[in-house]
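Nothing in this text is a laboratory measurement; each read-out follows from the coordinates by a stated rule. Values in this document were obtained by computation on a predicted structure and should not be read as measured data. A quick note on method: Cβ atoms are made from the backbone with ideal geometry, for glycine too, and the neighbour counts reach across all protein chains shown.
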Amino acid sequence: MNFEKQIKALLLSNNFLIYILTEEEERLEYILNNISKKIFGHNIPTWNFIDGYTNNPNYLTLAKKNPLEALEIIQKRETEKTKIYFLKDFNLFINDLSINRKIKNLSIWLKKYNKYIIISGTEKKIPDIIKEYVSYIKLPLPSKKEINIELKRIFKILKIEEQSTIDSLSTAYQGFSINKIRQSISRIITNKILPTNILEEILQEKKQLVKQTEILEFYNTNEKLQDIGGLENLKKWLKIRYVTFSNQASNYGIKTPKGILLVGIQGTGKSLSAKAIALEWNLPLIKLNISKIFGGVLGESEKKIQQMIDTTEKIAPCILWIDEIDKIFKEYRNNNDSGTVNRVTNIFLTWLSEKKVNVFIVATANDVNNLPIEMLRKGRFDEIFFIDLPSFKERINIFKIHLQKVRPLTWQKYNIYYLSKITKKFSGAEIEQSIIDAMYNAFYEKREFVTKDIIKSAQDIIPLAKTNESKISKLRQWGYSGNIKIA
C-alpha cells in the first residue's frame with residue numbers, strides 16, 4: 001500500500017489525529033492537498049509557528065506564534081466545510097500541558113464534526129498521555145515512480161528528451177528527497193557535469209550522506225567471488241538471488257532478498273564474501289561500525305541505530321555489511337546498560353523483518369552462542385550459512401588463488417597438492433599467511449621463495465582450530481546439526 005492510500009485509509013477509518021514523521025514538508029503538503037481535493041473537494045489550511053495559518057483565505061495569518069490558538073481556531077470553525085488541518089512541526093509543542101490537554105479535548109469534538117488534524121515533525125516523540133488519541137505514520141522517501149515523474153518534469157522545463165537517462169537517474173536517485181534531487185540536478189547543470197559522469201556524481205553525494213553519520217563507512221572493494229576458494233553453495237545461492245534485483249523479477253512477483261548471516265571460524269572468508277557480493281552485484285558496500293552505535297547518553301544508541309536504518313534506506317539499493325555482529329551481544333551487554341542493547345536489538349530485528357527497501361544485509365559472526373535466538377529464526381535473514389574450515393579440495397583452490405595473485409606466471413611450479421595436504425585445519429587466512437611469511441623470509445635472503453619456504457612457514461603456524469579446539473569443535477557441531485546451510 002502506497003502512502004496516499006495509507007492516509008486515505010486512516011481518514012476513512014476515523015483516525016482524527018494523525019502524526020506524520022517527515023523532513024519533506026513541501027512534498028507532504030502537496031500529497032495532503034491532493035487527498036483533500038479528491039475526498040472533500042478543497043485545499044487544506046496549513047499552519048506554522050512563524051506565519052500562522054496559510055493556504056486558505058479564511059485563516060490567513062491567524063494564530064501566529066500561538067500553537068494553542070491554532071487548535072482553538074479549528075474548534076471555532078465547526079460550521080465550515082474545511083475537513084483537514086495541517087500543522088507543521090507541531091510535535092515541538094505537544095509536550096506542553098495546555099496543548100496535550102487541548103488535543104485530548106479536541107479528539108471528541110473532531111469525531112463529532114468529522115474533522116481531521118494532521119501534525120508533521122522530524123522526531124517520533126509522542127507523549128504517553130496522548131498516544132491513545134494519535135495515529136502515527138512515516139512519510140517514506142519518494143518511490144522510483146515519483147522520482148521518475150519529478151525528473152520528467154525537470155527535463156521538460158530544461159527541454160531535454162532522454163527517457164533512458166531518466167530511467168537510470170530514477171534508480172540512482174532512490175533514497176533522495178524530492179528537494180535533494182532538485183538541488184542535485186541544479187548542481188549537475190551549473191557545474192556542467194558530463195552525462196557519463198552524472199551517476200558517479202550522485203554516488204559521491206550518497207557517500208557524503210554516509211560520512212556524516214560517523215557510524216557508517218563507504219567501503220571500496222575489488223574482491224571477486226572467484227577470489228574465494230570453496231563456498232560453492234553460498235556462491236550458487238548468491239548467483240540465483242542476484243537476478244531478483246531486476247524489474248522483470250519484480251513483475252514476476254519475486255521479493256528482493258533481505259540478507260544473509262554468515263557464521264563460522266575466523267579467517268574462513270566471511271568478510272571477504274561481503275566485499276565480493278558488493279562487487280559482483282555492482283552495489284555500494286556500506287559497513288556498520290558497531291562500536292560507535294553505543295553512546296554514553298541514555299537514548300543515544302537507539303537514535304544511532306535508527307540513523308543507520310534511515311541512511312542505508314537513503315543509499316538503497318546497497319549492501320549493508322555488519323562485521324562480527326555477535327560482538328554487540330558479548331561486549332556491550334552488561335547489567336548496567338539500562339536495557340539499551342535489548343532496545344537496539346529490537347529496533348534492528350523489527351527492521352530486518354519489515355524492511356521494504358533494497359538493502360541487502362550481510363552479517364558475520366564468529367560465535368553463535370552470543371547471538372539472541374530471535375535473530376536466528378526464519379524471517380530475519382533469508383538464509384544462515386555455516387562457513388567451515390576448507391576441505392582438502394578447497395585448500396588446493398585457496399593456494400592456487402593466492403599464488404596466482406603474487407606469481408601469475410609461475411604459480412604452477414609450487415607443489416600445491418602437498419601444501420594442501422599439510423595444512424589440514426588451516427583457515428583461508430592462515431593459508432594466505434603461510435605464503436606471506438615464506439615471501440618475507442626468501443626476500444630477506446635475496447632469493448625467490450619456493451615450496452619449501454611455504455612448508456616451513458606452515459609448520460611454524462599453529463592454526464586457531466588447534467589453539468581453540470574445544471570452542472571450534474562445538475561451533476562445527478552446531479554447523480552440521482542440519483538446521484542451517486553449509487556454505
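Shown for Val263, Val368: other C-beta atoms within 10 Å of each C-beta, ranked fewest to most, produce the order Val368, Val263. Remark on Val450: its backbone amide H falls under 5 Å from none of the residues 5 or more positions apart or on other chains, H modelled at 1.01 Å from N. Of the residues Tyr417, Tyr173, Tyr133, the one with the fewest other Cβ atoms within 10 Å heads the list, and the complete ranking is Tyr417, Tyr133, Tyr173. Taking Cα atoms only, the orientation of helix 428-444 departs from the longest principal axis of the chain by about 60 degrees. Quick check on the range 392-467: take the gyration tensor over C-alpha atoms, sort the square-rooted eigenvalues as a ≥ b ≥ c, and tell me if it's rounded (a/c under 1.5), prolate or oblate. Taking the square roots of the gyration eigenvalues as a ≥ b ≥ c, the range 392-467 is oblate.
Between the helical axis of 451-460 and the longest alpha-carbon principal axis of the chain there is an angle of about 70 degrees. Taking every DSSP beta bridge that has both ends in the range 3-138, the antiparallel portion is near 15%. Between the alpha-carbon centres of the range 114-136 and the range 391-408 there is a gap of 60 Å.
Among Phe449, Ser120, Tyr252, which residue has its Cα furthest toward the positive end of the charge dipole of the chain, with +1 on Lys/Arg Cβ and -1 on Asp/Glu Cβ? Among Phe449, Ser120, Tyr252, the one farthest towards the positive end of the dipole of the chain is Tyr252. Find out how many positive minus negative residues lie around Gln6, taking Lys and Arg as positive, Asp and Glu as negative, among other residues whose Cβ is under 14 Å from that of Gln6. So the surrounding residues net to +3. Once the chain from Ile462 to Lys224 is taken as fully extended at 0.36 nm per residue, the excess over their C-alpha distance is 82.8 nm. Just how far, in whole angstrom, is the range 271-323 from the range 62-84 if you go by their alpha carbon centroids? Computed from Cα coordinates, the inter-centre distance equals 44 Å. Look at the dipole of the range 3-138 built from charges on Cβ: of Leu106, Tyr30, Tyr53, the Cα furthest out on the positive end belongs to Leu106. Residues whose amide H lies under 5 Å from that of Tyr136, counting only those 5 or more places away or on a different chain, are Tyr19; hydrogens are built 1.01 Å from N in the peptide plane. Neighbour counts of other Cβ atoms within 10 Å put Ser271, Ser470, Ser186 in the fewest-to-most order Ser470, Ser186, Ser271. Note on Gln6 and Glu302: with the Förster distance fixed at 22 Å, the Cβ-Cβ geometry gives a FRET efficiency of about 0.35.
Summing +1 for each Lys or Arg and -1 for each Asp or Glu among the other residues whose beta-carbon sits under 11 angstrom from that of Leu234 gives +4.
Residues whose amide H falls under 5 Å from that of Gly52, counting only those 5 or more places apart or on a different chain, are Lys65, with hydrogens built in the peptide plane. The charge dipole of the range 3-138, taken about the Cα centre with unit charges on the Cβ atoms of Lys, Arg (+1) and Asp, Glu (-1), comes to about 520 debye, rounded to the nearest 20. Using only the Cα atoms of the range 3-138, build the gyration tensor, take square roots of its eigenvalues as a ≥ b ≥ c, and label the shape rounded, prolate or oblate: rounded if a/c is under 1.5, else prolate if a/b is larger than b/c, else oblate. Cα axes put the range 3-138 in the rounded bin. The structure shown yields Rg/Rh (Cα atoms, Kirkwood Rh), and of the options (1) 1.08; (2) 1.12; (3) 0.96 that calculated value carries the label (1). Using only side-chain charges placed at the Cβ, +1 for Lys and Arg and -1 for Asp and Glu, the dipole size of the chain relative to its Cα centre rounds to 920 debye. Of the trypsin sites (Lys or Arg not before Pro) in the range 135-212, the ones in a loop by DSSP (not H, G, I, E or B) with at most 14 other beta carbons within 10 Å are Lys159, Lys192.
For the pair Glu448 and Gln204, a Förster radius of 41 Å applied to the C-beta separation gives a FRET efficiency near 0.40, rounded to the nearest 0.05.
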